[in-house]
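Trainee: Here you go, one structure.
Just so it is clear, none of the values below were taken in a lab; they were calculated from the coordinates. Computed from a predicted model, the values in this text were never measured in an experiment. In this analysis, Cβ positions are derived from the backbone assuming ideal geometry, glycine residues included, and neighbour counts consider all displayed protein chains.
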Amino acid sequence: MTLKLVIGNKNYSSWSMRPWLALRANDIPFEEIFIPLYTGAADKQRILDFSHAGKVPILVDGEVTVWDSLAIIEYVAERFPEKRLWPEHPAHRAHARAVSAEMHSGFAALRNECGMNLHRPVRAIELSEDARANIARIEEIWADCRKRYGRSGPFLFGRFGAADAMFAPVVHRFRTYAVAVSEETQRYMDAMMALPAFAEWTKAGLAETIVIEKFETA
């Protein structure tokens, strides 16, 4: 039975991007169900019909329904172990899970000040001290992972995996808001943006015409 992934607008929905990218980049077949966000009660009810949490993304696998980006990625990793979404070595896998969880629960200032919006013209903004600290920590995570585990490929743990999917929207944020980054960070961003699945999501997001005013920032 084909998986179904319920997502929001590709231009804005960073949480939808994460499991979508994990699936697509690892050639896991799924049916995409798009429900536009903040368009009214009817579309909100469509989301609620899939999950009472009322948020995207949502994964449906037969009688199993999973919501929340990281929970979906964990489920997919168990469902398709041959895809190796997490590193095989226990210590490496623990590290990948730790940085993914940190991304999942942290970096509020960066999220709030640099919302994902693929249509936004590339330009820098004045960032708070907290947002700059978030950026420094993310660069530290990426550099540390690349130094420890990146010998076998251009991604955080060598091959593309769950941790890269969790950080993927940050690549868009850094690019869109013209964040000054190190050469090492830029190399990682370039590798991510060159990934066919990443490019596919970006192209589709740029083709969208729905504007959500609350996400349109300076």
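Trainee: Pairs of Cα atoms under 8 Å, at least six residues apart: use those to get the relative contact order of the chain, whole percent.
Mentor: Contact order relative to length: 26 percent.
Trainee: Quick one: work out the % antiparallel among DSSP beta bridges in the chain, nearest 5.
Mentor: Antiparallel bridges make up about 65 percent of those DSSP assigns within the chain.
Trainee: How would you order 115-128, 68-81 from highest to lowest mean count of nearby Cβ atoms within 10 Å?
Mentor: Per-residue Cβ counts within 10 Å, averaged per peptide and sorted highest first, yield 68-81, 115-128.
Trainee: Give the distance, in whole Å, between the Cα centre of the range 27-66 and the Cα centre of the range 134-182.
Mentor: Using only Cα atoms to place each centre, the spacing works out to 28 Å.
Trainee: Evaluate the relative contact order of the range 90-201 (contact order divided by residue number), counting alpha-carbon pairs under 8 angstrom at least 6 apart; express in whole percent.
Mentor: 32
Trainee: Sticking to Cα atoms, compute the Rg of the range 123-185 to one decimal and its Dmax as the biggest Cα-Cα distance, whole number, in Å.
Mentor: 12.3, 37
Trainee: Can you list, largest first and rounded to whole Å, the semi-axes you get for the chain by taking the square root of 5 times each eigenvalue of its Cα gyration tensor?
Mentor: Semi-axes, largest first: 26, 23, 15 Å.
Trainee: Sum -39500 (n - 2.57) across every DSSP H segment of at least 4 residues in the chain, then divide by the residue count to get the 222 nm mean residue ellipticity, nearest 500.
Mentor: Taking each H run of at least 4 residues, the total per residue is -16500 deg cm²/dmol.
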